[in-house]
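**Q** Mind having a look at this structure? Questions to follow.
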Amino acid sequence: MEKFRRFYKIGILCAIAASVVVLFMFFADDGAETQFVTYSQFAIMAESGDVARVVLSDGPVVQFYVHNSDIAYETSNPRNPALKENLLLMGIYVTEHNGLSASGLMSGVFSIAIIGGMFFLIIRMIGRSGGKGAMALNVAAADANGVNVGFDHVAGNDEAKEGVQDVVDFIKNPEKYAKYGARMPRGVIFYGPPGTGKTLMAKAIAGEAGVPFFAVSGSDFVQMYVGVGASRVRELFKKARAAGRAVIFIDEIDAVGKTRSGSVQGGNDERDQTLNALLTEMSGFGSGEGIVVIAATNRLDTLDEALLRPGRFDRQVEIGLPDLNGRKSILETHRKNKPLADNINLEELARQTVYFSGAMLENLLNEAAIQAAKSGAGKIGQKEIDTAYYTIIAGSEKKDRSRIKEQERRITAYHEGGHALAAKLLSPENTVPKITIIPSTKGAAGFCVNVPPDKMYFTKTELENQVITLLAGRAAEEAVFGAENITTGASNDIQRANHIIREYVTKFGMSETAGLAELSEDEKRREHHGLMKSLYGRALELVARHRHTLDKIAEALLDKESLCEKELDELIA
Ligand code: ADP
Ligand code: MG
Ligand code: ZN
């Protein structure tokens, strides 16, 4: 006991030292101006072409820069090996930063000292107390929570709910299934983009079945020394067994279960041991035990096949981004405790939030509620919702707009109007949920959100139309203000258009003169140049032919600053 108390003290000292290091790391990075955004926000920014450069690293954050701005942004590092390729395909410039900076080195040294200390402690404690003390401490995070979430709290996701209905029944009555010799899934994998409610759904299963919920993250398992992860796994399952029936939830299972052949260094012992321990534990349940392991991942295809074999995670349930109805019911779920103004139409809002995840929708209403609370508006109105929408899509609005000259506003209005006009006329199947000339703090003068439908492939004409739509911003500037007054505002559009054209010529073999033939660099350049010119010509032509409508859109933007799809449709009709 005396000894234990001493270790306890050392433990506390370590904890204090660790906090100091964490604080140090926190402030050490504060020198440069950086701004943190959520990963989903980053995804939207990347997709809408705002991101100019990304600096990948091994660390917990990824840094990136947007066009025409020096501010460094940071977002969580998803540690997804496919990220780099995806970014490159979007035409974003990617660099890697794996060297240690001075502060990185400092904290590295500190961490090693502390980890060393802790490791020493762990070894000692395992030695003395038969493995109990230290391990129990480590899985404290996995203590079961009382669950008060049920399927009612999960809006939309109907297929997924249906797909796990029998799992709930199994946890409640394992004997029923055992009697018939039915082999129920011991493991279920939820896969889909972040924020779509995977964690929520797992919790709801535990809630519906009325059993404790043990949640851990895969990354908790693979941290320090070989063997620690494996014993954490065993400890976790022991706890769950002690509870009788339970749901064990492992978030970010990829941290443990990434394809082994995929790793460059030819294997990672710690991870393999952890994975093996997990598989062993899972095959160890009797069929009468009401324990189910639910794991979540963003990508199924990166997982080791061993995990997906029968008797392991043999049920895979996709949890995707919500469709229109899903979005509407998620909004309805989250508005329940919020005083919305009577004129707010959630169906309309659902229409404007294509590609939003459940978490983003929740965030949207929450952000709007904060706005309303700040201004004491009494109710959450359209203004608050617009501001929140903007914040989620583009970061916060630039507050001081007094210095933006009227002429700049006019150019922006025509530029964004040109995009909207072209999108509406050329690609009626696209959604244009939002167009605005409110500048963001990130340096964008305005933007026009233009979402193509979710498709397996695009036709030649569709690609051409995409390029014309991208170029229509510049074309509108030129048509209205003259060729000598075109602005830098189109740089990102041009970059994206070029990216599409490059693929059009070299990857998809769509250009008429070149066809499927292999081209020399020179020929490619000529072909590329010619196409760009002719498509820009078509953009100019479109803008000129519909000048009257363009004027109407620009006027409306100058008047209201933002337009939604309905308003845009009315102007064009
Ligand atoms: P994931 O685990 O897929 O990343 P989460 O379950 O953590 O997503 O979702 C984060 C939050 O987003 C939830 O706590 C909830 O507020 C909201 N949310 C996500 N999907 C839904 C949904 N289908 N219904 C209601 N709320 C949702
Ligand atoms: Mg989650
Ligand atoms: Zn543009």
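**Q** Need the C-alpha centroid separation for segment 158-213 versus segment 477-550, integer Å.
**A** Taking the Cα centre of segment 477-550 as reference, the centre of segment 158-213 is 51 Å away.
**Q** Cα atoms only: what Rg and Dmax, in Å, come out for segment 495-550?
**A** For segment 495-550, the Cα radius of gyration and maximum Cα-Cα distance read 13.5, 44 Å.
**Q** At a 1.4 Å probe, what is the % contribution of carbon and sulfur to the accessible area of segment 302-343? Present the calculation step by step, with values, prior to reporting the outcome.
**A** Numbers: 960 of 2300 Å².
Answer for segment 302-343: carbon and sulfur cover 42 percent of the accessible area.
**Q** I've got another one for you. Below 20 Å Cα-Cα, how many Lys pairs turn up in segment 169-255? Only count pairs eight or more apart in sequence, or on different chains, if you could.
**A** Eligible lysine pairs with Cα atoms under 20 Å apart amount to 5.
**Q** Also, quick follow-up: In terms of solvent-accessible area of protein heavy atoms at a 1.4 angstrom probe, what is the ranking of PHE356, PHE458, highest value first? Don't skip to the end; give the middle numbers.
**A** Numbers: PHE356 5, PHE458 75 Å².
Solvent-accessible surface, decreasing: PHE458, PHE356.
**Q** Right, next: Given a 1.4 Å probe and the protein chains all in place, what does the accessible area of LYS198 round to, in Å² to the nearest 10?
**A** 20
**Q** Short version: ³J(HN,Hα) in whole Hz for each residue of segment 314-329, in order, from phi by Karplus 6.51 cos²θ - 1.76 cosθ + 1.60 (θ = phi - 60°), x for Gly and Pro, what are they?
**A** 8, 10, 10, 10, 7, 10, x, 5, x, 7, 3, 5, x, 4, 4, 6
**Q** If you don't mind, another one. What FRET efficiency, computed as 1/(1 + (r/R0)^6) with R0 = 56 Å and r the Cβ-Cβ distance, is obtained for GLU484 and LYS179, rounded to the nearest 0.05? Don't jump to the answer; show the numbers that get you there.
**A** On the way: r = 84 Å, r/R0 = 1.50.
So the FRET efficiency works out to roughly 0.10.
**Q** Where does each of ARG474, ARG525, ARG271 land when they are ordered by accessible area, with a 1.4 Å probe and the largest first? Walk me through the numbers before you get to the answer.
**A** Values: ARG474 50, ARG525 150, ARG271 25 Å².
In descending accessible area the options line up as ARG525, ARG474, ARG271.
**Q** Which FRET efficiency, nearest 0.05, do LYS524 and ASN276 yield, Cβ-Cβ r, R0 41 Å?
**A** Values: r = 50 Å, r/R0 = 1.23.
Efficiency, from the Cβ-Cβ distance: 0.25.
**Q** How big, in percent, is the set of alpha carbon pairs in segment 446-534 lying more than 16 Å apart? Walk me through the intermediate numbers first.
**A** Working: 2264 of 3916 pairs.
Summing the P(r) of segment 446-534 above 16 Å gives 58 percent of all pairs.
**Q** For ASP50, ASP152, ASP304, ASP323, write out the residues from largest to smallest accessible area, computed with a 1.4 angstrom probe and no ligands counted.
**A** Details: ASP50 40, ASP152 135, ASP304 15, ASP323 95 Å².
Greatest to least solvent exposure: ASP152, ASP323, ASP50, ASP304.
**Q** Would you kindly give the portion of the calculated P(r) for segment 142-250 that falls above 20 Å, as a percent of all Cα pairs?
**A** Summing the P(r) tail past 20 Å for segment 142-250 gives 45 percent.
**Q** Can you send over the solvent-accessible area of ILE71, 1.4 Å probe, protein chains only, in Å² to the nearest 10?
**A** Accessible area of ILE71: about 30 Å².
**Q** Let me ask something additional. Between ALA341 and GLU406, how many nm apart are label points set 7 Å from Cα along the C-beta direction?
**A** 2.8
**Q** Could you name the aspartates and glutamates in cross-link range of LYS460, using Cα to Cα under 18 Å and dropping any fewer than eight places away on the same chain?
**A** GLU429, GLU503, GLU512, GLU527
**Q** While we're looking at this one, here's another question. What does the accessible area of THR487 come to, in Å² to the nearest 10, when a probe of 1.4 Å is used?
**A** 40
**Q** I would also like to ask the following. Once a ≥ b ≥ c are taken as the square roots of the eigenvalues of the Cα gyration tensor of segment 344-386, is the result rounded (a/c under 1.5), prolate (a/b larger than b/c) or oblate (a/b not larger than b/c)? Working shown, then result.
**A** Numbers: a/c = 3.12, a/b = 1.66, b/c = 1.88.
Oblate, because a/c is 1.5 or more while a/b does not exceed b/c.
**Q** Suppose R0 equals 35 Å; then what is the FRET efficiency for HIS153 and ALA82 from their Cβ-Cβ distance, rounded to the nearest 0.05? Mind showing how you got there, number by number?
**A** Numbers: r = 31 Å, r/R0 = 0.90.
That gives a FRET efficiency of 0.65.
**Q** Using the heavy atoms of the protein chains and a 1.4 angstrom probe, tell me the accessible area per residue for segment 444-555 in square angstrom. Before the final figure, lay out the partial values.
**A** Working: 6080 Å² over 112 residues.
Value for segment 444-555: 54 Å² per residue.
**Q** Between LYS238 and ILE370, how many nm apart are label points set 7 Å from Cα along the C-beta direction?
**A** Here the modelled spin labels are 4.2 nm apart.
**Q** Please give every one of the lysines within straight-line cross-link reach of LYS383, meaning a C-alpha to C-alpha distance under 20 Å, and leave out same-chain neighbours fewer than 8 residues apart.
**A** Within the straight-line limit of under 20 Å, LYS383 reaches these lysines: LYS328, LYS336, LYS338, LYS374, LYS398, LYS399, LYS434, LYS560, LYS566.
**Q** Once Rh is set to the Kirkwood radius over Cα pairs, what Stokes-Einstein translational diffusion coefficient, in µm²/s, holds for segment 278-371 at a temperature of 25 °C and a viscosity of 0.890 mPa s?
**A** 149
The values are calculated or read from the model by the stated rules, or taken from the named source; none is laboratory data. Just so we're clear, the structure is a prediction, and the values are computed from it rather than from any experiment. Virtual Cβ from ideal backbone geometry, glycine too; neighbours counted across all protein chains shown. Note: accessible area is taken over every heavy atom of the protein model, side chains too, but ligands, DNA and RNA are not part of it. Shrake-Rupley method; radii C 1.70, N 1.55, O 1.52, S 1.80 Å.
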